[in-house]
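Asks: Here's a structure for you.
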Amino acid sequence: MVAAVEPRVRRPVLGYAMVFGAATLFGINGSVAKVALASGLSSLRLTEARCAGAAIGLVLLVLVREPGALRVDRRSLLRLAVFGVVGVALVQLFYFLAIHRLEIGIALLIQYLGPLLVAIWVRTFRHEPVRARIWMALALSLTGLSLMVELWSGVSLDGLGVTFALISAVIFAAYLLLAEREVAHRDSVSLMAWGFIFATAFWTVVQPWWSFPAHRVAQKVSLEGRLSFWHLPVWALVLWVIVLGSIVPFTLFVGAMRHVSATRVGIAAMLEPVVATIVAWAWLEESLSTAQLVGAGVVLAGILLAQSAR
């Protein structure tokens, strides 16, 4: 039996508020994750810890709110497994692999080809019309992201990092489409709980917990950049990644799709690179030029244009 959801009442303003909140938290999380990775903890292990912690937190939250929401039938179980492994586990993994080799802004520029892929998929395979304003919004947003990473200035790109980011873009598009389909049948909290359960099961098989480098999370590390004089244990950074970098933003992001289409959610989520770049500048002392600020404004213009398309 699939957990029931309330009849869908679209509230676009609420949906955009949810995705903007999620994008802001994801943007901050990029710098937190980069500091955690600098401790020597691998991208794979950080992803594994993130998934397991989020699964525990979300399951407890569902059990407190509405235990019956975790019920699932056999037909739904396979879809949830695909959503968890592809949409949750792998999208995080390839993002972390990308930012380990690339600047956060560049990695996100490539990853946010995902919403463009969604629009192409919807138009080509679903045969649904995509309004001209959406294509213009995508073009504006991607142009703004290109300005933010200053592609013309001879940016040094790591080939493997770019490959990881491109894979992340494809998986991000799949995640948007899978989430849009599943949220029509299940509330966002229980959906993400199941997603993280299957993601955790996947990582447990790939890299068993008994080999987890516990000594890494126990040590203290510098927060780097302008906060280099501050030190925190790695577990505190991982806890941030789990709660404010996973549980809260993923739930908001998926919940927004009850009110706004996947294409528009993907465009609105491009606020994440803007936030990530500003945070990386303010905290990790990464570059922030006039062109990047102009790019941020163009991205925001694209987001506003997408909202105006009814």
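Asks: For Val221, which sequence-distant residues (separation of 5 or more, or a different chain) have an amide H within less than 5 Å of its own amide H, given hydrogens modelled in the peptide plane?
Replies: Leu232, Val234
Asks: Just rank Asp73, Asp158, Asp187, fewest to most, by other beta-carbon atoms within 10 angstrom. Walk me through the numbers before you get to the answer.
Replies: On the way: Asp73 8, Asp158 15, Asp187 21.
Lowest to highest Cβ neighbour count: Asp73, Asp158, Asp187.
Asks: Using the beta-carbon distance between Ser211 and Ala282 and R0 = 35 Å, what value does 1/(1 + (r/R0)^6) give for FRET efficiency, to the nearest 0.05? Intermediate results must be reported in sequence, preceding the final value.
Replies: Values: r = 36 Å, r/R0 = 1.04.
Rounded to the nearest 0.05, the efficiency is 0.45.
Asks: Counting only complete DSSP H runs, which helices of the chain cover 30 Å or more along their long axis at the Cα atoms and score a mean Kyte-Doolittle of 0.5 or above?
Replies: On the way: long enough: 12-38 (39 Å, 1.39); 43-65 (32 Å, 1.32); 159-182 (34 Å, 1.50).
Within the chain the helices that satisfy the rule are 12-38, 43-65, 159-182.
Asks: Using only alpha carbon positions, build the gyration tensor of the stretch 12-308, then give the equivalent ellipsoid semi-axes as the square roots of 5 times its eigenvalues, largest first, whole angstrom. Don't skip to the end; give the middle numbers.
Replies: Working: eigenvalues 147, 141, 52 Å².
Equivalent ellipsoid of the stretch 12-308: 27, 27, 16 Å, largest first.
Asks: Contact order normalised by length for the chain, with contacts defined as Cα pairs under 8 Å and 6 or more residues apart; what percent is it?
Replies: Values: 502 pairs, mean separation 122.6, N = 310.
Relative contact order of the chain: 40 percent.
Asks: Cut-off is 10 Å between beta-carbons; in what order do Thr163, Thr124, Thr200 appear when sorted fewest neighbours first?
Replies: Details: Thr163 15, Thr124 10, Thr200 23.
Neighbour counts put them in this order, fewest first: Thr124, Thr163, Thr200.
Asks: Additional query: Taking the Cα centre of the chain as origin, sum charge times position over the Cβ atoms of Lys and Arg (+1) and Asp and Glu (-1), and report the length of that vector in debye to the nearest 20.
Replies: Working: 24 positive and 15 negative charges, 177 e Å.
Charge dipole, the chain, about its Cα centre: 860 debye, nearest 20.
Asks: What length, rounded to one decimal in nm, is gained on full extension from Val9 through to His127, with 0.36 nm per residue of separation minus their alpha-carbon distance? If you can, show how the numbers build up before the last one.
Replies: Numbers: separation 118, 0.36 × 118 = 42.48 nm, distance 2.44 nm.
Length gained, Val9 through His127: 40.0 nm.
Asks: Using alpha carbons only, how many angstrom separate the centre of the stretch 99-154 from the centre of the stretch 174-196?
Replies: Answer, in whole Å: 23.
Asks: Helix-derived [θ] at 222 nm for the chain: sum -39500 (n - 2.57) over DSSP H runs of at least 4, divide by residue count, nearest 500? Kindly include the intermediate steps, with their values, before the conclusion.
Replies: Details: 15 runs with 212 residues, N = 310.
Estimated from H runs of four or more residues: -22000 deg cm²/dmol.
Asks: OK, next. Using 0.36 nm per residue, how much length does the chain from Val82 to Leu304 gain when fully extended, once their Cα-Cα distance is taken away? Intermediate results must be reported in sequence, preceding the final value.
Replies: Numbers: separation 222, 0.36 × 222 = 79.92 nm, distance 3.24 nm.
Separation in residues times 0.36 nm, less the Cα-Cα distance, equals 76.7 nm.
Asks: Mind checking which of Ser261, Gly245, Gly225 is farthest towards the positive end of the stretch 12-308's charge dipole, using Cβ charges of +1 (Lys, Arg) and -1 (Asp, Glu) about the Cα centre?
Replies: Result: Ser261.
Every number in this text was worked out from the coordinates using simple rules, so none of it is lab data. The model shown is predicted, which means the values in this text are computed figures rather than measured ones. Cβ sites come from the backbone with ideal geometry, for glycine too, and all protein chains shown count toward neighbours.
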